[in-house]
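Okay, so here's the structure we're looking at.
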Amino acid sequence: MTKLILYVFLVGTGASCVYALLGAKLNSWKFIATDADATNVDYATANVDRNNLADKIKGLLMTMNRPDFYPVYFHVGSCTKNKK
C-alpha cells in the first residue's frame, strides 16, 4: 500500500514563517512555504533550521517566471470544529 503524504501549501510565508513553524511543531504537518521575496525566504529558512524542522518545512522562492509551478492545482478548504 502506498502511503499518502500531504503538504500544506503556504503562500506568502513572510520572514518569520510562523504559521508553518506552529503547524509543524504542534501538529506535525508538512509545509511548502513560499514567498516572492528572496530575503524573506532566506530568513524563513534560517528560522526553520533553528527550530530543527527542515524535515517538515520546505521554503521556496515563488516568482511568476517559475515554469515548474505551472500549472499549479490545489484545493483550498478549511477545517472547523463545532462547539456545543
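Kindly list the number of the only condition in (1) over 11 Å from the mean Cα position of the chain (by Cα); (2) in contact (Cβ under 8 Å) with a residue 12 or more places away in the chain that fails for ASP42.
The single condition ASP42 does not satisfy is (2).
Identify, please: which residue in the range 8-31 is hydrophobic (A, V, I, L, M, F, W, C) and not in a helix (DSSP H, G or I) and is, among those, surrounded by the fewest Cβ atoms within 10 Å (Cβ to Cβ)?
My answer is VAL11.
I'm trying to understand the selection: among the residues of the range 22-38, which are under 15 Å from VAL11 (Cα atoms) and not small (Gly, Ala, Ser)? Spell out the reasoning first.
Going through the range 22-38, the residues under 15 Å from VAL11 (Cα atoms) turn out to be 23, 30-38.
Of everything in the range 22-38, those that are under 15 Å from VAL11 (Cα atoms) and not small (Gly, Ala, Ser) turn out to be LYS30, PHE31, ILE32, THR34, ASP35, ASP37.
Looking at the range 36-53 only, could you name the residues that are surrounded by 12 or more Cβ atoms within 10 Å (Cβ to Cβ), in a loop (DSSP other than H, G, I, E, B) and modelled with pLDDT of 90 or more?
ASN51, LEU53
Go through (1) closer than 16 Å to LEU6 by Cα; (2) within 15 Å of the chain's Cα centre (by Cα); (3) at pLDDT below 85 one by one and return the number of the condition LYS56 breaks.
Of the numbered conditions (1) closer than 16 Å to LEU6 by Cα; (2) within 15 Å of the chain's Cα centre (by Cα); (3) at pLDDT below 85, the odd one out for LYS56 is (3).
Contact list please: Cβ distance under 7 Å, first residue in the range 6-22 and in contact (Cβ under 8 Å) with a residue 12 or more places away in the chain, second residue exposed (fewer than 12 other Cβ atoms within 10 Å of the Cβ) and hydrophobic (A, V, I, L, M, F, W, C), pairs at least six apart or on different chains.
PHE9/PHE74
The values are calculated or read from the model by the stated rules, or taken from the named source; none is laboratory data. These figures come from a predicted structure and were not determined experimentally. Methodologically, a virtual Cβ is constructed for each residue, glycine included, from the backbone with ideal geometry; neighbour enumeration extends over all protein chains shown.
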